[in-house]
Amino acid sequence: MAVSKDLFAKISGSSTDNEYFLPLPKGYQKGKTKYVIVMGTVMSGLGKGIFSSCLAKLLQDKGLKVAPIKLEGYLNIDSGTLNPFRHGEVFVLDDGMETDMDLGTYERMLDQNLSRANFATSGQIYSSVLEKERHGDYLGRDVQMIPHVTGEVKMRLRELAVKTEADVVFVEIGGTVGDLENAFYIEAIRELAYEEGPNSCSFVALTYILEPKTLGEQKSKAAQLGIKQLLQLGIQPDIIACRCENPVTEQARQKMSVFGNVPFERVFSMHDSASIYSIPAMLRDCGIDFQVLRMLKLEDRIQLRHERKEWSRWCDFTDKINKETHDITIGITGKYISVRDSYASILNALEHAGIHLGCKVNVKWIDTTDITNANAAEYLKDVDGIIVPGGFGTRGWEGKISCVRYARENNVPYLGLCLGFQAAVIEFARNVCGINKADSTEIITDCKEPVISILPEQKKIEGLGGNMRLGGRDIELKKDTLAWKLFGKASSVRRRFRHRYEVDPEYIAKLEENGMVFSGKAPNQPIMQILELHEHPFFMGTQSHPELTSRPMRPAPMFIALTAAARKRKYPDQKMDEPLAVVEKVAKF
Ligand code: GLN
C-alpha cells in the first residue's frame, strides 16, 4: 500500500513524532515525474546503461523529458582516480565531473549534456549525510542507514526531477542485486515506490540467460534466482529484460514470467546486437516503450507526431549501419589495450564517423612498449590512420613518439588526443626543431627541455589539489586554419578537457617557426589546444577530448576528417573527397 496524497503532504520533511522521513526538495510535485529503475541480476556487465539509455531515448522521441542518473556503489566521490583497465574509461562531463563511462552512453543516445546531478556514488551520499549530521540537520535522531541514508538517495532522485523538470527519471543502479554496496540504493527505491504511489515507478530487472555450448539450449535457472533475490528485497519487477547471446526462446521467457511473477508480455529478449545503435529499434519492435508508458500512465503526455519525426531521423542514421562500401584500419596506441571499455568514447566517435561516411572502421590496437624509430614500420605498415589517445604515465611513451614520427614522415593521417597532442609536440620539437632533449615533465621531472610541462599558473593551485584542468572550456580558433574550417569557420568551439600538462609558452615561437600551426588556444591564456601540420594529408592534435562529445547524429569533425583522410589513403585509385569537403558535407554542429 502506498501512502495517500494527504499523508504524503503530512509526512513531508522530517519529524521526531512519527516514523516517516520524507525530506523533499523545494518545488517537488508528486506525480509530475515518474521513475524507471534499472537493476541487474546474475552478473555485472549486462549493459544496464545501454538498455536504460535506449529505453530513455524511445521515450524522449515521444516528446517526454527524460533525465538519467547512475547510482554507483563505490565509495569514491567521483570516477577520477579509477583505473580505466578495471572500470572502463573515465567520462568527463562539461561541468568537470569525472564519471563512469555509462554517462557517455546516455549523452550519446540522448544527445544531451549531463551534469554532476546525473551521477551519484555511495561516497557522495555518505559524505553529504555526515555533513548534515555535523550541521545538526537530523533533529535529535540517531543517524541510520534507514531512513537517513536511503532518504539522501531519494532526495538526489527528486532533486534531479525538480532540476530537469523531467517526465521520467531513469535510475540505473550500478553493480548486481545482492551486492552489499548497492543494497541501500535498492531499499531507497523500494521506499520511493511506496511513497510515490501506484503508477509512479517501473522496475526493470536485467538478467542473463545462460546458453552453455555443451548443452546447446538456453538455461534460465540463474536468472530465476536473480529475480528471487530482488523479490526478497521487497521489489516486484515490472519488466524482465533477458540478456543473451541469441534471441531468448519463448520457453525460457515463459519460465521467467512464471517464476518472476511478471506477465509474459513484459518479459523481453535483449540479445546481442552488432551495434548499440540498433538496440532502440529492437526495444521498440517488442513494445517495451508502450509497456512502460502504460504502467506509468504517461500515454496522454506523448506526442506521436514528434516521435514520427525523430524516429525517421534516427532510422536515416541506423539504416546506414552494415551498408559500408569501404573499410579502413585505424591504429590506436594505448596502454589499456586489452579492454575495449577503456577507449569507449574513441571507438564510438570512430563508429559515428564511419557510419556517416559509409566506411567500416577497423581498429588495430598497438602496444607501443617495444616500438622504436627503427621498427615502427613493422607495426604500422598496415594501418590507414593513427590515433595516439589520452593517457597518464610513462609506459610506452617513446614508442608513441616513434608512431607520431612515422605518421608525420609517411603522410599517414594522424589524430593526437590530449597525451597524443603532447607526443606530437615533443616529436616535432625533437625531430624538426632539433631540440633533442625535448620531453614532458610528466615523463622526466627534471628534463633539460621541458617543452610540455605544468604551467606556472597551474603550479600555483597545485597545492590545493586543483591542478587538473577538467571539463568544458572554450577553444579560440585561428582564422583560415584547418581547425577553423573543420568547425564551420566558428571563432571558437567548446570541448572537454582533462589534463595537467601543456605546451610551455617558451617554446611556442620555435615550434611555429618550424611549421607547427597552433590553430586553437585558450582565450586569454597561452594554453595551446589544437595543432596542425600543413603539407600533410591530415595531421592534427588537440589537448581536448573531442571523442567525449561525438554524437551519433553529430559526429566529431576531427574524427570525420581522420576517417576521410584514411579512406583517401587506402583507396588512392578512387576519387575521394578531401577530408575538409567530407566534414562540410557530414558535420552538424
Ligand atoms: N597525462 C597528460 C596530462 O596530464 C595527458 C592527460 C590525458 O591524456 N588525458 O596532461
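The values are calculated or read from the model by the stated rules, or taken from the named source; none is laboratory data. Small disclaimer: the values here were computed from a predicted structure and weren't measured. All Cβ positions, even for glycine, are placed from backbone atoms using ideal geometry, and neighbour counts span all protein chains on display.
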Completion exercise
Flagged in segment 83-114 as surrounded by fewer than 17 Cβ atoms within 10 Å (Cβ to Cβ) and more than 19 Å from P555 (Cβ to Cβ), in numbering order, are N83, F85, R86, D95
Completion exercise
Within segment 555-581, residues being surrounded by fewer than 24 Cβ atoms within 10 Å (Cβ to Cβ), charged (D, E, K, R) and either at pLDDT 95 or above or touching a His at 6+ places or on another chain (Cβ under 6 Å) (or both) number 3
Exercise for the section: Working carefully through the options A188, A161, A166, find the one that is closer than 21 Å to T33 by Cβ, touching an Asp or Glu at 6+ places or on another chain (Cβ under 9 Å) and at pLDDT 95 or above. Expected result: A188
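Is one or more of the residues making up segment 460-469 within 27 Å of K570 (Cα to Cα) and surrounded by fewer than 20 Cβ atoms within 10 Å (Cβ to Cβ)?
No.
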Problem - Subset tally (residues that are in a helix (DSSP H, G or I) and of a type in the set (D, E, K, R)) for segment 228-244 - result: 1
Exercise for the section: Mind telling me which of the residues T176, T164 ends up being in contact with a Lys or Arg (Cβ under 9 Å, 6 or more places away or on another chain) and of a type in the set (S, T, Y)? Expected result: T164
Handout entry: Wholly enclosed strands (runs of 3 or more DSSP E) of segment 323-392 bearing at least 3 residues over 16 Å from C418 (Cβ atoms)
Key = 326-333, 359-366
Practice task
For segment 481-535, name all the residues that are in contact with a strand residue (DSSP E or B) (Cβ under 9 Å, 6 or more places away or on another chain), acidic (D, E) and more than 16 Å from the ligand (Cβ to nearest atom).
Solution key: E506, E512, E532
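From V162, V171, V177, V149, which residue is of a type outside the set (G, A, S) and in a strand (DSSP E or B)?
V171
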Completion exercise
By residue number, the members of segment 455-471 that are modelled with pLDDT of 95 or more and either under 12 Å from L511 (Cβ atoms) or away from the ligand (no atom under 16 Å from the Cβ) (or both) are none
Fill in the blank from the handout: Quick count over segment 114-149, residues being touching an Asp or Glu at 6+ places or on another chain (Cβ under 7 Å) and free of Cβ contacts under 8 Å to residues at least 24 places away in the same chain, is 4
Exercise for the section: Filter segment 536-548 down to the residues that are assigned to a strand (DSSP E or B) and not small (G, A, S), then identify the one that is farthest from the ligand (Cβ to nearest atom). Expected result: F539
Practice task
Scan I426, I475, I452, I443 and give me the residue that is part of a loop (DSSP other than H, G, I, E, B), surrounded by 14 or more Cβ atoms within 10 Å (Cβ to Cβ) and within 16 Å of the ligand (Cβ to nearest atom).
Solution key: I443
Practice task
Would you be able to say whether some residue in segment 160-172 is over 23 Å from the mean Cα position of the chain (by Cα), at negative phi and either surrounded by 21 or more Cβ atoms within 10 Å (Cβ to Cβ) or not aromatic (F, W, Y) (or both)?
Solution key: yes
Practice task
For segment 245-276, enumerate the residues that are in a helix (DSSP H, G or I), crowded, with 19+ Cβ neighbours inside 10 Å and out of contact with any Lys or Arg (no Cβ under 9 Å at 6 or more places or on another chain).
Solution key: R253, M256, R266
Problem - In segment 400-423, the residues that are touching a strand residue (DSSP E or B) at 6+ places or on another chain (Cβ under 7 Å), among the small types (G, A, S) and either away from the ligand (no atom under 14 Å from the Cβ) or not in a helix (DSSP H, G or I) (or both) - result: A407, G416
Exercise for the section: Only residues in segment 512-534 that are part of a loop (DSSP other than H, G, I, E, B) count as the first member; pair them with residues that are aromatic (F, W, Y), Cβ under 9 angstrom, at least 6 apart or cross-chain, and list the lot. Expected result: N514/F428; G515/F428
Problem - Among residues of segment 50-105, those that are within 13 Å of T121 (Cβ to Cβ) and among the basic types (K, R), counted - result: 1
Fill in the blank from the handout: Considering only helices (runs of 4 or more DSSP H) wholly within segment 39-116, the ones with at least 3 residues that are under 12 Å from the mean Cα position of the chain (by Cα) and closer than 21 Å to K163 by Cβ are 102-110
Problem - Residue satisfying all of: in segment 429-440; assigned to a loop (DSSP other than H, G, I, E, B) and free of Cβ contacts under 8 Å to residues at least 24 places away in the same chain; farthest from the ligand (Cβ to nearest atom) among these - result: G434
Exercise for the section: Search segment 274-299 for residues that are acidic (D, E) and pair each with any residue that is in a helix (DSSP H, G or I) when their beta-carbon atoms are under 6 Å apart and the residues are at least 6 apart or on different chains. Expected result: D289/L58; E299/L293
